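The values are calculated or read from the model by the stated rules, or taken from the named source; none is laboratory data. The model shown is predicted, which means the values in this text are computed figures rather than measured ones. With ideal geometry, Cβ positions are generated from the backbone for all residues, glycine too; neighbour counts draw on all protein chains shown. All accessible areas refer to the heavy atoms of the entire protein, side chains included, with ligands and DNA or RNA removed. Shrake-Rupley method; radii C 1.70, N 1.55, O 1.52, S 1.80 Å.
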Amino acid sequence: MTVLMVSGTGTEIGKTVVTSAIAAAAVAAGRSVAVLKPAQTGVDATEPGDAAEAVRLAGPTVTAVELARYPEPLAPDTAARRAGLPTVSPSAVAEAANRLARSHDLVLVEGAGGLLVRFDEEGHTLADAARLLGAPVLVVAPAALGTLNSTTLTAEALRARELEALGVVIGSWPAEPDLACRCNLADLPSSSGLPLLGAIPEASGSLAPESFRAAAPTWLSPALAGTWSPESFLTTWQP
């Protein structure tokens, strides 16, 4: 796996922290890593974006690339139109990812919002870029009530487009999970048909970078260069 698309079931569910954790785990395993953010929204020209945050958390050896930036926190197509700026096409995303893949062991492409958020005027999405790249897609999902439906819908959208879904990572696992969270943990694989590949503790993005890097592999399964075991995690949080 050289290129991995990191998408999700919605916005503000932990995609950037998950991307950073995967990058940190890969670096710890001796791999060179790049993080590509095709469209950064809701950040002005003076602020660090999601790709820069991945470098801060995962380490300075990570390469950060951003293709476009729009100031309003909206879908990329809408944000570009309102700002009078060019949109980002799937071919531009694929070209940038392939270029990075020639000099890095792993390229993480972090989407904006959910899988089918529009990137351009033609309605292209991260799924179209994944098809051009032939890259698997990792689904980041919340833990709380409602996640079974949104995660299963995302998985069905991937299957309908004949795209490979690598699995699901919970973007923010609460320190004191309620009954819905604990039941969802057990039900997500059967509902979505996707394996559970990790769970990131809530507020992990606020850790000191050194602590984040040391802990990241323990949050992710071996498929993502980590040591996390879904069986032991499920046993710990049985409803």
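Condition test on Ala83, is it over 22 Å from Ser211 (Cβ atoms), in contact (Cβ under 8 Å) with a residue 40 or more places away in the chain, open to solvent by 10 Å² or more (accessible area, probe 1.4 Å) and among the small types (Gly, Ala, Ser)?
Details: over 22 Å from Ser211 (Cβ atoms): yes; in contact (Cβ under 8 Å) with a residue 40 or more places away in the chain: no; open to solvent by 10 Å² or more (accessible area, probe 1.4 Å): yes; among the small types (Gly, Ala, Ser): yes.
Taking the combined requirement at face value, the residue does not satisfy it.
Identify the residue in the range 145-187 that is under 18 Å from the mean Cα position of the chain (by Cα) and part of a loop (DSSP other than H, G, I, E, B) and, among all such residues, is surrounded by the most Cβ atoms within 10 Å (Cβ to Cβ).
Within the range 145-187, the match that is surrounded by the most Cβ atoms within 10 Å (Cβ to Cβ) is Leu163.
Only one residue in Pro222, Pro239 is loosely packed, with under 15 Cβ neighbours inside 10 Å and either among the aromatic types (Phe, Trp, Tyr) or in contact (Cβ under 8 Å) with a residue 40 or more places away in the chain (or both). Which one?
Exactly one of Pro222, Pro239 is loosely packed, with under 15 Cβ neighbours inside 10 Å and either among the aromatic types (Phe, Trp, Tyr) or in contact (Cβ under 8 Å) with a residue 40 or more places away in the chain (or both), namely Pro239.
Out of the range 16-38, which residues are touching a Gly at 6+ places or on another chain (Cβ under 7 Å) and of a type in the set (A, V, I, L, M)?
Val17, Val18, Ala24, Ala25, Val27
Please give the number of the condition Ser103 fails out of (1) over 18 Å from Thr16 (Cα atoms); (2) open to solvent by less than 10 Å² (accessible area, probe 1.4 Å).
Failed condition: (2).
Does the range 188-206 contain at least one residue that is closer than 19 Å to Leu57 by Cα, part of a helix (DSSP H, G or I) and without any contact (Cβ under 8 Å) to a residue 12 or more places away in the chain?
So far as the range 188-206 goes, yes, one or more of its residues are closer than 19 Å to Leu57 by Cα, part of a helix (DSSP H, G or I) and without any contact (Cβ under 8 Å) to a residue 12 or more places away in the chain.
Mind checking which pairs have a first residue in the range 126-145 that is free of Cβ contacts under 8 Å to residues at least 60 places away in the same chain and a second that is among the β-branched types (Val, Ile, Thr), Cβ under 6 Å, 6 or more apart or different chains?
Ala143/Ile170
Give the residue, chosen from Thr61, Thr2, Thr46, Thr41, that is touching a strand residue (DSSP E or B) at 6+ places or on another chain (Cβ under 8 Å), free of Cβ contacts under 8 Å to residues at least 60 places away in the same chain, of a type outside the set (Gly, Ala, Ser) and open to solvent by 20 Å² or more (accessible area, probe 1.4 Å).
Result: Thr61 is the single residue among Thr61, Thr2, Thr46, Thr41 that is touching a strand residue (DSSP E or B) at 6+ places or on another chain (Cβ under 8 Å), free of Cβ contacts under 8 Å to residues at least 60 places away in the same chain, of a type outside the set (Gly, Ala, Ser) and open to solvent by 20 Å² or more (accessible area, probe 1.4 Å).
Over 20 Å from Ser206 (Cβ atoms), open to solvent by 10 Å² or more (accessible area, probe 1.4 Å) and touching a Ser or Thr at 6+ places or on another chain (Cβ under 8 Å): does that describe Thr78?
no
Going through the range 186-218 one residue at a time, which ones are of a type in the set (A, V, I, L, M) and closer than 22 Å to Thr16 by Cβ?
Listed by number, the residues that qualify are Leu188, Leu194, Leu196, Leu197, Ala199, Ile200, Ala203, Leu207, Ala208, Ala214, Ala215, Ala216.
Could you please let me know if Ser20 is surrounded by 22 or more Cβ atoms within 10 Å (Cβ to Cβ), within 25 Å of Arg131 (Cβ to Cβ), within 18 Å of the chain's Cα centre (by Cα) and among the small types (Gly, Ala, Ser)?
So Ser20 fails the test.
Looking at the range 207-217, which of its residues are closer than 16 Å to Val169 by Cα and either in a loop (DSSP other than H, G, I, E, B) or within 17 Å of the chain's Cα centre (by Cα) (or both)? Break it down stepwise before answering.
So the first thing to find is which residues in the range 207-217 are closer than 16 Å to Val169 by Cα, and the list is 215-217.
Matches in the range 207-217: Ala216, Pro217.
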